[in-house]
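No value in this document is a laboratory result; all are computed from the given coordinates. Note that this is a predicted model, so its numbers are computed, not measured. Neighbour counts are summed over all protein chains in view; Cβ atoms, including those assigned to glycine, are modelled from backbone coordinates with ideal geometry.
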Protein chains: 2
Amino acid sequence: MSTLVEQLIQTEAHQSIFESAVRQLPLPVCAAFGSSSSPQPVSFKNTGRVLSTKDSDAVRAQFPQSVAASNNIVLTSSGSNPATVQGKRVAVLFSGGPAAGGHNVVCGLKRVLGAGNTLLGVRAGPKGLLKGSLFEITEANVDFILNTGGFDFLGSDRTKIKSDEQFAQVRETCIKHQLDAIVVVGGDDSNTNAAVLAESLFTGVKADGSGVQVIGVPKTIDGDLQIGDLLSISFGFDTATRIYSEMVGNILQDTSSSLKYWHFVKLMGRSASHVALEVALQTKPAITLISEEIAANQESLASIIDRVARVIVERSHRGMNYGVLLAPEGLIEFIPEMNAMIAELNDVLAHHAADFAAQADDAKPAFVGSRLSPENASLLASLPHYIVNMLLAERDSHGNLQVSLIPTEQLLIDMARQRVRELDANVPFAAHSHFLGYEGRCGAPTLFDAAYTYNLGLTAGSLILDGRTGYMATITGLASGGTPQAIPLAGLLNIERRHGKNEFVIEKALVKMDSPAMQYFVSRREAWAASDLFASPGPRQFWGPTTDQLPISVALNSGADALMFKIG
Amino acid sequence: MSTLVEQLIQTEAHQSIFESAVRQLPLPVCAAFGSSSSPQPVSFKNTGRVLSTKDSDAVRAQFPQSVAASNNIVLTSSGSNPATVQGKRVAVLFSGGPAAGGHNVVCGLKRVLGAGNTLLGVRAGPKGLLKGSLFEITEANVDFILNTGGFDFLGSDRTKIKSDEQFAQVRETCIKHQLDAIVVVGGDDSNTNAAVLAESLFTGVKADGSGVQVIGVPKTIDGDLQIGDLLSISFGFDTATRIYSEMVGNILQDTSSSLKYWHFVKLMGRSASHVALEVALQTKPAITLISEEIAANQESLASIIDRVARVIVERSHRGMNYGVLLAPEGLIEFIPEMNAMIAELNDVLAHHAADFAAQADDAKPAFVGSRLSPENASLLASLPHYIVNMLLAERDSHGNLQVSLIPTEQLLIDMARQRVRELDANVPFAAHSHFLGYEGRCGAPTLFDAAYTYNLGLTAGSLILDGRTGYMATITGLASGGTPQAIPLAGLLNIERRHGKNEFVIEKALVKMDSPAMQYFVSRREAWAASDLFASPGPRQFWGPTTDQLPISVALNSGADALMFKIG
C-alpha cells in the first residue's frame, strides 16, 4: 500500500485536510467572557428595556410565570459570574433545518459549563427529547466538531412539541436524565417552542418542586429571525449566503466568458428575501427579485415578467445576450394575484371534485377556467402548461397547493422567453436554471458564524448558570467587540391565526423597503442591469486577508462604517 | 452617503475584497524560468521521445511541414533563451467552455514576451480570429486579471475553423494584425484545430514568405485531455472539481444532519468520468457511478438501478435513510443497451415519420414500441413517461436525440424509487436532484491551477520566442518542481469517423479501469456505501495551511507519495 493511499484513508470520516485544519482555528470571545483560552461564565442584569407586541396582554395570561420572572426585560452581561455553579445537567438539541455554526454552539456550551457540570446531546432533534435519546458530550467530541459545518453531531428534525402527551414525554425525559436545563437551537418556530417549554417546565418538574430552565439560540439560514439591534442576524445566514454568493459570482463570471446564456437562480429562503438581497449585494447581478417589494407594490406576474424581459432586451441591444437573475424561493406566494388565483382554484376544485375528476386531462384546464373569475381564468391561461397541470394536480392533505413545489425559476424563464419574443423577436434568449439551497446549510461556518455561534453557546451556558429561563441568547454589537445579552422570549410573541386557531408565533422579519440594505440595492440595481458591474466574492476564506466580514445587509442595516466584524 | 456605501460601490466590477486580494498572491515559477519576480524565456531541445498513434502515417501525409519540423519529438526546456527576440506580435484566444486559470495563461504569456514583443487578445474566441477582432493587452490588464477566474477578459466561443473560407479569414487577420504567432487555449478539439492551423500557416503567410506559429495550451474542466506523464491533467479540472467537492461535501454533511434525504448529483463532464471520480475521492459518498466501468461491464440500466437500490435499502436497514449518489453527465451514452435502443429509435422515427406524427400523443409510445426489437421495446417501456416523451419528441437538426438533455439524475431517482419499493416497501426514499456544472468553470483558480496556468503561459511564450510551431505547452513533474515541455500536436492525432467522413482528433482520455485512482476508488467504495465515512474538503483556500494540493486522482495516477504540488 502506497504512502498516499494510507494518507487518503486517514482523511475519511471528517478528517479531510481542511477539516483537520479548521479545528485548530482559534476563536475570539467577547471581553465579558475573559480570555479566549479559558472563557468564564458571565452573570446578567436587567437593562431596563422592555419588549412588547400587540398581544403582550394575551401572552402574559398564557405565560404567567415566565413574564413574572422576566418582566419581558432584556438582560445584559454584568461581569463574570462569581458563583461557582456545579452539578447542573444541561441538554442541547438542534431543531429544524441545519445551519452552519450549530456545532460551535455546543462547543461554547461545553466550555462555559466546564468540568463541574454535564452537557448532554439530544439525538435527532425535538423527537429525541420526546424519546429521551440523550448522551453525554465529552471534551473529545468538542475538539472534533469545533468549526465544522452541519448538525450531524446530533442530527435534527422538525417535530413540534405541542400536545399534552408530548409535554408529558418531555417531563419524563427531564426526570429520567435529571436535567436542569434545555438549550433549543432553532429558528422562529423553535424559539416559540422554547418559550412554551420554558413556561411548561417553569416549576414542578423535579422532586423538590423546581423546574427546568429553557434557553433558545437563534438559528436560520433564511435570516428572518432578526430583532432590531438586539439580534441583527441569526446564525448560519452568513455562511449560506457566502456559499451561494460564490456560486452566483462564478456563474456571473461564466456569463461574460461564454457570452450566450442567462442563468435564473432560485435561492433558498421560504418567506423572506434576505438571502436573495444579500447575495445580490455580494455579487451585483443584472436582476434580483425581492418578494417583499412585489407584495408592497401589488405587482402582477405579467408586470414582473415584463420588467425581467425588458432588462433582457435592453442588455441584448447593448451586446450582452447574457446575465443572471436571482429569485427568492418564496416569490410566488408574495404575488398577490397568484395567491388570489390559487385560493379560488382551491375552492373550485373542492366544490367540483367529482365533476373535475371525471374530465379528460386535456379538458381539465377549460373546466376549471370556466368556473374561475375572469381575472383568475386569464391568469391561469397565461401560465405554461406544466404549471397549469401542477396547479390542477397537486394538493396536500389539507387540499391546499404546495406553492413551494412550483419551479419558479423555470416558470420565470418560460414566461420571460415569451415576453422577450413579443418585445423583440431578434433577441436571443438561452437560459439555464439553478436552485441553490441544500449546498449552503452545512458548509463549515465562516469565521463570523464560527465566532458568533461559539459566543452564543457561551452566552446560553452563562444564562443557565445564572439561573435564567425563557430567554434567547444573543450577542449585540457584532462590529464593536460583542456583548452577551438575553432576549425574553415571551416579549417576542404575537398571536397568529393558523389552521383555524390562535397560535403564538415570533413574527418573521421580512425585508423592509426602507432599510438601508434595500435602499442601497435599489440605488444601484439599474446600473447593475445596464452593464456588467458584477463582482466575484470568491469562496469563504479561513486564513488570510479576507476572512472577517459581516454580511453586507447586516453591516448596512446596523449602521456599521465597515464590513469587518469584531468579537473580542 | 455613508462610508460603507462608498466602500461597497468600490467593490463593483471585479473589485470584491477577495478579487483585490488574490491579485496580490505571488506565483511560483519552474526553476527553468529563473526568478519568479522576473521570469525569463527558456529555449527547447529534443528529448528523443517520439509520439505516435495508429494513424501516424496518414497524419504525416496531411501535416507534412509540421511533422518534418518536429519529427513528432517531445521538447524539453534547455536553459534560458539567450537570443533576445524582439518585435514579435502574438495573439492569444480562448476556445470552448471556460476553465479556471485561462487568465493566468495570458499573464504568463505577457510576462515572458516582455516589453519587446506585443501580446494581442482575440475577442470572443475563434470567431474573433475570423473577424479580426483583436486588441493589445497591456501590463495593467495583466495586473487586473491575474489569479481571477473565467474567460471574461477575452470571451470565448465554440467556432471550429474548418472551411477554406475560414482559413482564408485567419490569414487575413494574421496579415492585418501582422501576427507572428497564435496561442490557442482550448481542449482536445481546439488543440486539434491548433494542429491544423499550424500546418495551414506553416509558411507563406507574411510578405517574406514566412509563416505564423501556432501553440496550444491544454484546457478543460472535464480532465479528458491527458497524455500520460507528459500531461497529467488539463488546467481547470482542479478548480472545478474542488468547487463541486465542496458542494458535495456540504450536501453529505446535510444528509447526516437532516437524516431524511438522498441527493442525486449529476456532475459536468460529457464523455469521461474523471470529474465524478475525483469528487468521489475528495468526498467519499455512498454511491458513485463511473461511465467507463458501466461500458466495460456492458451493464444494463436495470442492473445499475438494482445496484443503486440495494445500497439505499441496505443503508436504510442500518438506520441511514439518506445518502449521496454521484453520476457523470455522460452516463446514459455509456450504457450499451441505451445506445442501442436510441439508435433503433432514431431509425424507426426516421422511417415512419409521417405515420408517427399522425398518432395521438397517448398512442405514440405503443406505435414506436411495436416497431422496436423486443429488448428495446421492453427497455423503452421500463422508463418513466417523461423520459419516453423526451425520447420520442426531441431531435436535433441531424435527426439525432440530444442525449445530454436527458435529466439523468431524475431518471435515476425515479427508477431507483420503483426498485427500492420492490426490494422493501418499508424503506423510505425521499430524494433531491442537483446538476453541478456552470458553477465550476469560472471560479478563481486554485493555487495549483493558478501556478500551473501561469507556467503554461510562460512555456507557450517561450516556445514562440524559440521559433516553434505545432506544439502544445505542458509542465511535467508537477510534484517535483515542474519542467516546461512541449508536445508535438501532430504526434497526438488519430483519425475518427464523424458525420460520415474522416476527421483528425486527439483521443479523449477516459477513466482507465486499471488506473491507481480507479483501483483505489474500487477498494474503498463498499466501505463508503456501508457507513458514513465521508469528508468535507471545504472551500478552496488561497491562504493558510490547506492550499497546495494536487487533484487526488492526478496524484494517485502519477505515483506521487503525497498530495502536495510543487512548482519552482
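Quick notes on this one:
- Calculated log₁₀ intensity ratio I(q)/I(0) where the Debye formula runs over C-alpha points of chain A, q = 0.09 Å⁻¹: -0.74
- With the label put 7 angstrom out from Cα along the Cα-to-Cβ vector, A:Gly544 ends up 1.0 nm from the copy partners, going from closest to farthest.
- Fully extended contour minus Cα-Cα distance, from A:Tyr386 to A:Thr47, at 0.36 nm per residue: 116.5 nm
- Taking Cα atoms only, the orientation of helix A:274-283 departs from the longest principal axis of chain A by about 70 degrees.
- Cα-based shape type of region A:60-188, given that a ≥ b ≥ c are square roots of the gyration tensor eigenvalues and the cut on a/c is 1.5: rounded
- Couplings 3J(HN,Hα) for region A:452-461, derived from phi with the Karplus relation 6.51 cos²θ - 1.76 cosθ + 1.60 (θ = phi - 60°), are 4, 5, 4, 6, 5, x, 4, 5, 4, x Hz, where x marks Gly and Pro.
- Treating r as the C-beta distance of B:Glu503 and A:Ala115 and R0 as 56 Å, the FRET efficiency rounds to 0.15.
- Rg/Rg_globular for region A:470-527, with Rg_globular taken as 2.2 N^0.38 Å and Rg from C-alpha atoms: 1.65
- Mean separation of Cα contacts under 8 Å (6+ apart) over length of chain A, as relative contact order %: 23 percent
- Electrostatic bookkeeping for B:Thr283 treats Lys and Arg as +1 and Asp and Glu as -1; over the other residues with beta carbon under 13 Å from its beta carbon, the sum is -3.
- Peptide B:429-436 - average C-beta neighbours from other chains (10 Å radius): 2
- Rg in Å to one decimal, and Dmax rounded to a whole Å, for region A:253-302 via C-alpha atoms: 12.9, 37
- For B:Lys45, the lysines whose Cα falls under 25 Å of its own Cα, not counting residues fewer than eight places away in the same chain, are B:Lys88, B:Lys110, B:Lys219, B:Lys566.
- For region B:84-96, backbone phi angles converted through the Karplus equation (6.51, -1.76, 1.60; θ = phi - 60°) give residue-by-residue couplings of 8, 6, 10, x, 6, 10, 10, 9, 10, 9, 9, 10, x Hz, Gly and Pro being listed as x.
- Semi-axis lengths (Å, descending) of the ellipsoid that matches the C-alpha gyration tensor of region B:275-367: 35, 17, 11
- All aspartates and glutamates inside 18 Å of A:Lys131 as judged from Cα atoms, apart from same-chain residues fewer than 8 positions distant: A:Asp157, A:Asp164, A:Glu165, A:Glu172, A:Asp180
- Selection from B:Ile175, B:Ile221, B:Tyr261 lying farthest towards where the dipole of region B:142-263 points positive, charges on Cβ: B:Tyr261
- Local charge for B:Lys176 was computed over the other residues whose Cβ lies under 13 Å away, with Lys and Arg +1 and Asp and Glu -1, and equals +3.
- Amide H contacts under 5 Å for A:Lys266: A:Ala327, A:His434, A:Phe435, A:Leu436, restricted to partners 5 or more places along the chain or on a different chain, H placed in the peptide plane at 1.01 Å from N.
- The local environment of B:Ala430, defined by Cβ-Cβ distances under 11 Å, has a net charge of +2 under the rule Lys, Arg +1 and Asp, Glu -1.
- The long axis of helix A:516-530 is offset from the longest Cα principal axis of chain A by roughly 30 degrees.
- For region A:348-460: rounded, prolate or oblate by the Cα gyration tensor [a/c cutoff 1.5]: oblate
- Inter-copy label distances at B:Ser210, shortest first and taken from points set 7 Å along Cα to Cβ: 9.2 nm.
- Charge dipole (Cα centre; +1 on Lys/Arg Cβ, -1 on Asp/Glu Cβ; no other charges) of the protein assembly as shown amounts to roughly 1580 debye.
- Rounded to the nearest 20, the Cβ-based charge dipole of chain B about its Cα centre (Lys and Arg +1, Asp and Glu -1) stands at 960 debye.
- Averaging the sequence gap over all C-alpha pairs within less than 8 Å and six or more residues apart, then dividing by the number of residues, gives region B:272-346 a relative contact order of 43 percent.
- Shielding by partners - mean other protein chain Cβ count within 10 Å, residues of A:95-102: 2
- Unit charges at the beta carbon, dipole of chain A: most positive-side option, A:Pro407, A:Leu230, A:Leu510: A:Leu230
- Helix axis angle, B:188-200 relative to chain B longest principal axis, alpha carbon, degrees: 30 degrees
- Using a 7 Å Cα-to-Cβ projection, B:His352 label spacings across copies, nm, ascending: 3.8
- Classified by the C-alpha gyration tensor, region A:107-154 has an oblate form. Its axis ratio a/c, with a ≥ b ≥ c, is 1.5 or above, and a/b does not exceed b/c.
- Cα principal axis extents for the protein assembly as shown, largest first, Å: 101, 72, 60
- A simple spin-label model places pseudo-atoms 7 Å from Cα toward Cβ; at B:Gln10 and A:Ser20 they are separated by 4.0 nm.
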